[in-house]
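Engineer: Structure incoming, see below.
The values are calculated or read from the model by the stated rules, or taken from the named source; none is laboratory data. The structure presented is a predicted model; accordingly, all values stated were derived computationally and were not measured. As a convention, Cβ positions derive from the backbone with ideal geometry for all residues, glycine included, and neighbour counts pool all protein chains shown. Ligands, DNA and RNA are excluded from the accessible area calculation, which covers all protein heavy atoms including side chains. Shrake-Rupley method; radii C 1.70, N 1.55, O 1.52, S 1.80 Å.
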Amino acid sequence: MVIVQEADFDAAALQHQLRQRTATKAGAIVTFTGYVRDYATDAATRSLFLEHYPGMCEREIESLCDDARSRWDIEDCLVVHRVGELANAEQIVFVAVAGAHRGEAFRACEYLIDALKTRAPFWKRETLADGKKFWVEQRQSDHEKTEQWNSLSSSEEPGNP
């Protein structure tokens, strides 16, 4: 399930929702919650404005979930991503993966959050405490991390025997 919304979310309620859907099959649920933080090194962040391409964004995130399901033995995943104006320290993204075993769920969750940063069509504009605004550029390290996932077969991924 993929949700893109302006409203804040309740991570515990979302995890419970995923647990209810997978209760008889999942032995593990791995979650990740991301928060707005200072991007600029020289000044405090006041807020982050996220724009997205409606429809296309949800389809791309669902495609990432499909990729995760095909690569790892997982039961289900849930991604919630916020858009709009978010203050520093607010929740921005929630990713949860349910699987029979923790290792598969951990790898799928890590893959999803890494791939979201580079493949989902979001644009971020940061506003600093002094009012200065700028578009946040994708980090080379995020791109490299996603490329590493793309170049590995499932047997080569960390934690696989």
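Engineer: Starting from the stretch 37-50, take each residue that is in contact (Cβ under 8 Å) with a residue 60 or more places away in the chain and list its partners that are open to solvent by 70 Å² or more (accessible area, probe 1.4 Å) and part of a strand (DSSP E or B), counting only C-beta distances under 8 angstrom and pairs at least six apart or across chains.
Structural biologist: Here the result reads S47/E85; L48/E85; F49/E85; L50/W123, each pair linking the stretch 37-50 to a residue that is open to solvent by 70 Å² or more (accessible area, probe 1.4 Å) and part of a strand (DSSP E or B).
Engineer: Can you name the residue in the stretch 73-97 that is of a type in the set (G, A, S) and touching a Phe, Trp or Tyr at 6+ places or on another chain (Cβ under 9 Å) and, of all such residues, is most open to solvent (accessible area, probe 1.4 Å)?
Structural biologist: Per the criteria, the residue is A89.
Engineer: Would you please list the contacts, defined by Cβ atoms under 6 Å and residues six or more apart or on different chains, that run from a residue in the stretch 133-149 that is among the hydroxyl-bearing types (S, T, Y) to a residue that is surrounded by 12 or more Cβ atoms within 10 Å (Cβ to Cβ)?
Structural biologist: Listed pairs, sorted by first residue: T146/D114; T146/A115; T146/T118.
Engineer: For the stretch 114-135, which residues satisfy the criterion of being surrounded by fewer than 16 Cβ atoms within 10 Å (Cβ to Cβ) and among the hydrophobic types (A, V, I, L, M, F, W, C)?
Structural biologist: Matches in the stretch 114-135: W123, A129, F134, W135.
Engineer: Report, by residue number, each residue of the stretch 1-29 that is open to solvent by 80 Å² or more (accessible area, probe 1.4 Å) and in contact with a Ser or Thr (Cβ under 8 Å, 6 or more places away or on another chain).
Structural biologist: none
Engineer: Just a yes or no: is a residue in the stretch 22-30 under 15 Å from the mean Cα position of the chain (by Cα), under 25 Å from T127 (Cα atoms) and among the β-branched types (V, I, T)?
Structural biologist: no
Engineer: Further, regarding this structure: Determine if the stretch 103-120 includes at least one residue that is outside any helix (DSSP H, G or I), in contact (Cβ under 8 Å) with a residue 12 or more places away in the chain, farther than 17 Å from I3 by Cα and over 15 Å from the mean Cα position of the chain (by Cα).
Structural biologist: No, because not a single residue in the stretch 103-120 is outside any helix (DSSP H, G or I), in contact (Cβ under 8 Å) with a residue 12 or more places away in the chain, farther than 17 Å from I3 by Cα and over 15 Å from the mean Cα position of the chain (by Cα).
Engineer: Being at pLDDT 95 or above and either touching a helix residue (DSSP H, G or I) at 6+ places or on another chain (Cβ under 6 Å) or of a type in the set (F, W, Y) (or both): is that true of L112 here?
Structural biologist: So L112 passes the test.
Engineer: Test F106 against the stated conditions and say whether it is open to solvent by less than 40 Å² (accessible area, probe 1.4 Å), of a type in the set (F, W, Y) and at pLDDT 90 or above.
Structural biologist: No.
Engineer: Give the residues of the stretch 30-71 that are at pLDDT below 95, open to solvent by less than 70 Å² (accessible area, probe 1.4 Å) and of a type in the set (F, W, Y), sorted by residue number.
Structural biologist: Y39 - this is the single residue of the stretch 30-71 that is at pLDDT below 95, open to solvent by less than 70 Å² (accessible area, probe 1.4 Å) and of a type in the set (F, W, Y).
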